[in-house]
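Participant: Shown below is the structure under consideration.
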Number of protein chains: 2
Amino acid sequence: MSNAIFYRAGRPVCLGAEHRLLGTFDRAKYRIDPVHPGEQPSRIGEAEAVGIKSVPAILMNSQIFHIDFGAALANLKS
Amino acid sequence: MSNAIFYRAGRPVCLGAEHRLLGTFDRAKYRIDPVHPGEQPSRIGEAEAVGIKSVPAILMNSQIFHIDFGAALANLKS
């Protein structure tokens, strides 16, 4: 199993990506961990450290894919 | 089977998305049609018509996901 982290917020662009794009993943091979930094502030630092600039984004094997643009990570800080 | 069209060019950001992100797709359920508008000029109009602004991008069920930013579609016109 490979792990993927999906960083998201609550807007439609994130939910669309989660439901539609992540729905394509072969779940026999990939485990997806959804993270909402706005609701899990302890993970904002982690997201920044790996290079997440905006959500939605997928992190797999140290490679980040920013998908469309929902919100800047900085704007998820309360 | 669902169809997905992956619009790409030749730069690393597109190739990375193709190999890494599309590699996650469940190929038992999804068929992916890669299109390089720069090499298939007849498909630039099609890409514009559906709303592709840049590559790499994935089109599934009329929904577009622009992934990172490799090149503007307009710059693939020769």
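The values are calculated or read from the model by the stated rules, or taken from the named source; none is laboratory data. Every value quoted in this text rests on a predicted model; they were computed, and no experiment measured them. Glycine also receives a Cβ, built like all others from the backbone with ideal geometry; neighbour counts cover every protein chain displayed.
Participant: If you check B:VAL13 against the conditions, is it modelled with pLDDT of 95 or more and either of a type in the set (Val, Ile, Thr) or within 22 Å of A:TYR30 (Cα to Cα) (or both)?
Facilitator: Against the criterion (modelled with pLDDT of 95 or more and either of a type in the set (Val, Ile, Thr) or within 22 Å of A:TYR30 (Cα to Cα) (or both)), B:VAL13 does not qualify.
Participant: So, in region A:49-61, of the ones that are within 14 Å of A:ILE32 (Cα to Cα) and not hydrophobic (A, V, I, L, M, F, W, C), which residue ends up farthest from the other protein chains (Cβ to nearest Cβ)?
Facilitator: A:PRO56
Participant: Among the residues of region B:20-35, how many are closer than 13 Å to B:ILE5 by Cα and either more than 7 Å from chain A (Cβ to nearest Cβ) or of a type in the set (Asp, Glu) (or both)?
Facilitator: 6
Participant: Scan region B:16-33 for residues that are surrounded by fewer than 14 Cβ atoms within 10 Å (Cβ to Cβ) and within 26 Å of A:ARG31 (Cβ to Cβ) and jot them down. I'd like the intermediate steps shown before the answer.
Facilitator: Of all residues in region B:16-33, those surrounded by fewer than 14 Cβ atoms within 10 Å (Cβ to Cβ) come to B:19, B:27-29, B:31, B:33.
Listed by number, the residues that qualify are B:HIS19, B:ARG27, B:ALA28, B:LYS29, B:ARG31.
Participant: If only one of A:ASP33, A:ASP26 is charged (D, E, K, R) and in contact with a helix residue (DSSP H, G or I) (Cβ under 7 Å, 6 or more places away or on another chain), which one is it?
Facilitator: After ruling out the rest, the residue left standing is A:ASP26.
Participant: Do you know which residues across region A:48-59 are of a type in the set (A, V, I, L, M) and either in contact with a Gly (Cβ under 8 Å, 6 or more places away or on another chain) or buried (at least 19 other Cβ atoms within 10 Å of the Cβ) (or both)?
Facilitator: A:ILE52, A:VAL55, A:ALA57, A:ILE58, A:LEU59, listed by residue number.
Participant: Hey, among B:GLY10, B:GLY45, which residue is more than 14 Å from chain A (Cβ to nearest Cβ), surrounded by 13 or more Cβ atoms within 10 Å (Cβ to Cβ), out of contact with any Cys (no Cβ under 8 Å at 6 or more places or on another chain) and farther than 26 Å from A:CYS14 by Cβ? Walk me through how you get there before you give the answer.
Facilitator: Values: B:GLY45 fails: surrounded by 13 or more Cβ atoms within 10 Å (Cβ to Cβ).
Answer to the selection: B:GLY10.
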